[in-house]
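One structure below.
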Amino acid sequence: MRILHVLLAVLFLMLQGAAGQVFPRLDNSCLIQNGRCFPGICRRPYYWIGTCSNGYSCCRRWVE
């Protein structure tokens with residue numbers, strides 16, 4: 001029974017790792033600049049402020 005719990009824990013950790021590769025986490029450097037990561041170019045009302053670690057564009061909302 002104890003082995004079953006260990007195997008379930010290992011399976012859970014493997015699933016978390018796989019989900020992390022499919023669904024990338026937020027990029028902290030972009031988040032620090034109050035930006036969001038978008039695929040492709042930034043569209044209105046956002047403007048480009050850099051590049052995220054996954055290659056997406058880091059965009060910030062234009063505020064007047």
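The values are calculated or read from the model by the stated rules, or taken from the named source; none is laboratory data. Just so we're clear, the structure is a prediction, and the values are computed from it rather than from any experiment. What goes into the accessible areas is simple: the full protein's heavy atoms, side chains included, and nothing from ligands, DNA or RNA. Shrake-Rupley method; radii C 1.70, N 1.55, O 1.52, S 1.80 Å.
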#### Entry: Most to least accessible of 12, 38 (protein chains only, probe 1.4 Å)
12, 38
#### Entry: Solvent-accessible surface ranking, highest first, for 41, 49, 32 at 1.4 angstrom
32, 41, 49
### Query
What residues qualify as long-range amide H neighbours of residue 53, i.e. H under 5 Å apart, gap of 5 or more or another chain, H built at 1.01 Å from N?
none
### Task
Could you order 53, 29 by accessible surface area, starting with the largest, using a probe radius of 1.4 Å?
53, 29
